[in-house]
């Protein structure tokens, strides 16, 4: 089923709202902007960021009320948030950041600290900030990609490993060693599996790590 009709511009970063009714995505119609569209289609996508800045990589808060996103509206890429029905954007980070993922309990936002908004082979620090803003705390010195569950943080490293940080105990576990470090990770709701794409010159595969819990 076709959900959007942008007629040409590049789309990316689709993500479901917690209740499954909406999809947020970014679209390069001019500069990247954040759009929201009903998950079953039937209505045109609505531009909720509606700015002259580059806004991308949306993610929903646990209650669906907020959308976090990357934006260069301050002069460099930071994490911002706005109400999911639009409105005034609120700055969350202040020392460079992007690819934000809120914690399932709604208390924190995890993000990659990056001045450019790009992913380098050397990685970037994985940070945490209160959802309402505040002190930014480093969780992991260098990561490539990451995802967040109720139990903790899964992340890939420049050393080509996938690791897990238990945020309640601080314990780090090495789950797998790979031939290259993925920049995207997704964990199953029961923390039993981790998915990641493996992309190379002649490779386009979806990989799964299992048997580590």
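What follows draws every value from the coordinates through simple rules; no lab data is involved. Keep in mind that this is a model prediction, so the values were computed, not measured. Every residue, glycine among them, receives a Cβ derived from its backbone with ideal geometry; neighbour counts consider all protein chains shown.
Things worth noting here:
- Given R0 = 25 Å, the distance between the Cβ atoms of residue 31 and residue 5 translates into a calculated FRET efficiency of 0.80.
- Sorting the segments 63-74, 173-184 by their residues' average number of neighbouring beta-carbon atoms within 10 angstrom, most packed first, yields 63-74, 173-184.
- Taking a point 7 Å out from the Cα of residue 186 in the direction of its Cβ, the residues of region 34-59 whose backbone N falls within less than 15 Å of it are 58-59.
- Extension gain, residue 159 to residue 178: 0.36 nm times the residue separation minus the Cα-Cα distance gives 6.0 nm.
- Shape analysis of the chain yields a ratio of the Cα radius of gyration to the Kirkwood radius, Rg/Rh, of 0.95.
- Each Cα pair under 8 Å and six or more residues apart adds its separation to the average, and for region 40-106 the resulting relative contact order is 30 percent.
- Note: relative contact order over the chain, using C-alpha pairs below 8 Å and six or more positions apart, is 9 percent.
- Spin-label pair residue 193-residue 210: with each label point 7 Å from Cα along the Cα-Cβ axis, the two points sit 0.6 nm from one another.
- Inter-label distance for residue 62 and residue 169, nm, one decimal - labels placed 7 Å from Cα along Cα-to-Cβ: 2.1
- Net length available on complete extension from residue 40 to residue 91 is 15.3 nm, with 0.36 nm assigned per residue and the Cα-Cα distance removed.
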